[in-house]
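The values are calculated or read from the model by the stated rules, or taken from the named source; none is laboratory data. The model shown is predicted, which means the values in this text are computed figures rather than measured ones. Positions of Cβ are backbone-derived with ideal geometry, glycine not excepted, and every protein chain shown enters the neighbour counts.
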Amino acid sequence: MISFLDIQAITGRHAAEIEAAARGVIRSGWYLRGEATRQFEQAYSTFTGTTHCVGCANGLDALALILKGYIHLGVMRPGDEVVVPANTFIASVLAITRCGLTPVFVEPDPHTLQIDGTLIEKALTTRTRAVMIVHLYGRCAYTETIGDLCRQHGLKLIEDNAQAHGCRYLHAGSPLNGKRTGSLGDAAGHSFYPGKNLGALGDAGAVTTDDAELADIIRTIGNYGMRPKYYCPTEGVNSRIDEIQATILQVKLKYLDEENAWRRHIAGIYARQLPAALCPIKPEDADKEDNVFHLFPIFCLNRDKLQHALIAQGIETQIHYPVPPHRQECFPQFHRLSLPLTERLAQTELSLPISPVLTDEEAIFISTAINHAYSTPTKNS
Ligand SMILES: Cc1ncc(COP(=O)(O)O)c(C=O)c1O
């Protein structure tokens, strides 16, 4: 059986170091807002190339804390609009609605599958205050068009970097060329959910930014709005990173670039072996550092049939995501929207196993099974 993601094996690669680090925290008797958090925040801000990193409880909170911080600073007000890709995980949208802001959905570019920068301008109104880009599947979503547009219109550029830790923006001639995701906009939210490229052994998240005022208010809001302790000038929430998760993340951060390189190697195998009609990644693009392949999506009209054929071969796959945010039951106010590309992607997407512990042989076996299933005529195909 090839599981979709073998988190036990991924953790196992660094088990001794992780256990020693966790033991250190357990023995210290200090479990929140301590030395491990401080050290991880320092390491992760250095890694991303930002001046501030604030740990928090999860990726959804990280995005919501950025927006709450901006509301607190008077940059936006409840009722204002935030542009967001239509094809994203629900959390990007929940962060916006949780803060009383309105999401405005924009379709993806059909080639990159990232928010289409050329469609954003049409989505802007007098109430737009920010654009949230999502580095979906681990691919950098930033473009010069988006950066320029935000500057011209005075909009905050927020990155949802839940899926692309360590990824770089590549654009020769740009001042941002080679910079990591999480440092490309005004602020970025990161998720360290266990299945992410940089995954904790539980929930964790962080905000990175170069904006000292924003970092400061986010730190306060995430700790009940207290300043000083037990005095609350601001209505806050409880969203902190555990010391144990912080120390585990610091161990795993050392191996992130190497693990992302292995993901690119596996992506290269898929890209070379699979039919171009299914695979959005060209073989020559697989080893570029603008993609850390959190997921390896393929797109297929007979997606469900293919998924069943792969299960029969012992290969587990997943769908990211079967229902786009604007079609979710919890959002009846968006059901009238027509976002045909996003809807088609939701009907045809299938994510293949990819991870630092997937072997060449497994990737070849999976590719062969897909090629076989894809070329075998079925009654309804
Ligand atoms: C694109 C995206 N944004 C936000 C999140 C939310 O992160 P978390 O699960 O840590 O709250 C996730 C992952 O779960 C995600 O994939």
Would you check if there is a residue in the stretch 67-80 being of a type in the set (Asp, Glu) and away from the ligand (no atom under 14 Å from the Cβ)? yes
Qualifying residues in the stretch 172-203 (those that are in a loop (DSSP other than H, G, I, E, B) and aliphatic (A, V, I, L, M)) - the one surrounded by the fewest Cβ atoms within 10 Å (Cβ to Cβ): ALA172
How many residues of the stretch 325-362 are closer than 20 Å to ALA9 by Cα, part of a helix (DSSP H, G or I) and under 23 Å from the mean Cα position of the chain (by Cα)? The answer is 0
Quick one: which of GLN328, GLN273 is more than 20 Å from ILE364 (Cα to Cα) and either within 16 Å of the ligand (Cβ to nearest atom) or not assigned by TED's automatic domain parsing to the domain that holds ALA123 (or both)? GLN328
When THR208 is evaluated against the numbered criteria (1) of a type in the set (Ser, Thr, Tyr); (2) under 30 Å from GLU258 (Cα atoms); (3) free of Cβ contacts under 8 Å to residues at least 60 places away in the same chain, which criterion, by number, is the only one it fails? (3)
In the stretch 144-161, what count of residues is obtained for those that are over 11 Å from ILE133 (Cα atoms) and in a loop (DSSP other than H, G, I, E, B)? 2
Starting from the stretch 1-29, keep only residues that are under 19 Å from SER355 (Cα atoms) and not assigned by TED's automatic domain parsing to the domain that holds LEU350, then list their pairs with residues that are modelled with pLDDT of 95 or more and of a type in the set (Phe, Trp, Tyr) whose Cβ atoms are within a distance under 8 Å, requiring at least 6 positions of separation or different chains. ILE2/PHE365; ARG13/TYR255; HIS14/TYR255
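Results for (1) touching an Asp or Glu at 6+ places or on another chain (Cβ under 8 Å); (2) assigned to a loop (DSSP other than H, G, I, E, B); (3) more than 29 Å from ALA95 (Cα to Cα), shown as yes or no for each residue.
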| residue | (1), (2), (3) |
| --- | --- |
| PRO228 | no, yes, no |
| TYR231 | no, yes, no |
| GLU235 | no, yes, no |
| GLN245 | yes, no, no |
| VAL251 | yes, no, no |
| GLU258 | no, no, yes |
Sole miss for ALA16 among (1) aliphatic (A, V, I, L, M); (2) exposed (fewer than 14 other Cβ atoms within 10 Å of the Cβ); (3) more than 16 Å from VAL251 (Cα to Cα) is condition (3)
Options PHE4, PHE105: the member that is in a loop (DSSP other than H, G, I, E, B), more than 13 Å from the ligand (Cβ to nearest atom) and on the phi < 0 side of the Ramachandran plot: PHE4
Among the residues of the stretch 113-136 satisfying the criterion of being free of Cβ contacts under 8 Å to residues at least 60 places away in the same chain, within 19 Å of the chain's Cα centre (by Cα) and part of a loop (DSSP other than H, G, I, E, B), which is nearest to the ligand (Cβ to nearest atom)? HIS135
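Which one is nearest to VAL237 (Cα to Cα), of the residues in the stretch 91-102 that are within 14 Å of the ligand (Cβ to nearest atom), of a type in the set (A, V, I, L, M, F, W, C) and surrounded by 19 or more Cβ atoms within 10 Å (Cβ to Cβ)?
Start the filter on the stretch 91-102 by keeping residues that are within 14 Å of the ligand (Cβ to nearest atom), which leaves 91-98.
From what is left, the residues that are of a type in the set (A, V, I, L, M, F, W, C) are 91, 93-96.
If we keep only those that are surrounded by 19 or more Cβ atoms within 10 Å (Cβ to Cβ) too, we end up with 91, 93, 95-96.
On the way: ALA91: 17, VAL93: 19, ALA95: 14, ILE96: 16 Å.
Among them, the one singled out is ALA95.
Given the criteria within 16 Å of the ligand (Cβ to nearest atom) and either under 14 Å from ILE66 (Cβ atoms) or not in a loop (DSSP other than H, G, I, E, B) (or both), does THR208 qualify?
Values: within 16 Å of the ligand (Cβ to nearest atom): yes; either under 14 Å from ILE66 (Cβ atoms) or not in a loop (DSSP other than H, G, I, E, B) (or both): yes.
Against the criterion (within 16 Å of the ligand (Cβ to nearest atom) and either under 14 Å from ILE66 (Cβ atoms) or not in a loop (DSSP other than H, G, I, E, B) (or both)), THR208 qualifies.
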Take the stretch 59-90 and flag every residue that is surrounded by fewer than 23 Cβ atoms within 10 Å (Cβ to Cβ) and under 20 Å from the mean Cα position of the chain (by Cα). PHE89, ILE90
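Give the stretch 159-205 a look and list any residue that's polar (S, T, N, Q) and without any contact (Cβ under 8 Å) to a residue 24 or more places away in the chain, or say none. Step through it out loud before you land on a result.
Within the stretch 159-205, the subset polar (S, T, N, Q) is 161, 163, 174, 177, 181, 183, 191, 197.
Listed by number, the list holds a single entry, ASN177.
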Need pairs with beta-carbon distance below 8 Å; first residue in contact (Cβ under 8 Å) with a residue 60 or more places away in the chain and within the stretch 57-68, second within 9 Å of the ligand (Cβ to nearest atom) and acidic (Asp, Glu); sequence gap 6+ or separate chains. ALA57/ASP203; ASN58/ASP203; GLY59/ASP160; LEU63/ASP160
